[in-house]
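Throughout, read-outs are computed from the coordinates displayed, never taken from laboratory work. Predicted model, so just to flag it, every value in this text is computed and none were measured. Heads up, the Cβs are rebuilt from the backbone with ideal geometry, glycines too, and the neighbour counts pull from every protein chain shown.
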Amino acid sequence: MLAEVAGSSGNVQANTITLISAAISGVDTVTNALAFTNGIDAETDAALRARFQNYINTRCQATAAAISLCGIVSATRANLDDPGEHDSSLSLHTR
């Protein structure tokens with residue numbers, strides 16, 4: 001599939017694609033059973049500047065924003081023995 005219109009304007013509801021642009025042997029009809037919803041608009045210059053500034057401001061910090069920029073969506077810390085001990089395990093969950 002190739003959208004005729006770039007960005008979110010190219011998103012369509014389910015069962016709205018019904019035309020075949022070129023003949024395909026053995027195929028008489030087509031339809032999209034699911035909606036196409038992953039088209040996004042181009043990032044504006046202002047959004048790019050804000051995202052970059054956020055990136056610069058959060059480098060080398062253990063903030064939620066810095067962690068999310070690395071693709072980590074959550075972390076789980078489990079103590080291996082006594083909760084007061086320093087031995088622990090950290091599991092990172094990425095996208």
Exercise. Whose amide H sits under 5 Å from the amide H of Asn32, counting only residues 5 or more places off or on another chain, with H placed in the peptide plane?
Worked result: Asn15, Thr16, Ile17
Seminar exercise, completed: Residue-ordered couplings for region 46-53, obtained by feeding phi - 60° into the Karplus form 6.51 cos²θ - 1.76 cosθ + 1.60 and rounding to whole Hz (Gly and Pro as x), are 4, 5, 4, 4, 5, 5, 5, 4
Exercise. What distance in nm separates the simple spin-label points at Ala42 and Ile56, each placed 7 Å from Cα in the Cβ direction?
Worked result: 2.3
For this session: With no solvent and one equal point scatterer placed on each C-alpha of region 6-56, evaluate the Debye formula and give log10 I(q)/I(0) for q = 0.17, 0.28 Å⁻¹, two decimals.
Result: -0.68, -1.01
Problem set entry | Extension gain from Ala23 to Arg49, taking 0.36 nm per residue of separation minus the Cα-Cα distance | 4.8 nm
For this session: Using amide H atoms built 1.01 Å from N in the peptide plane, name the residues 5+ places from Val12, or on other chains, whose amide H lies under 5 Å from its own.
Result: Phe36
Exercise. What list of ³J(HN,Hα) values in whole Hz, one per residue of region 9-21 in order, does the Karplus curve 6.51 cos²θ - 1.76 cosθ + 1.60 (θ = phi - 60°) give from phi, with Gly and Pro shown as x?
Worked result: 5, x, 5, 9, 6, 4, 6, 10, 8, 10, 10, 9, 6
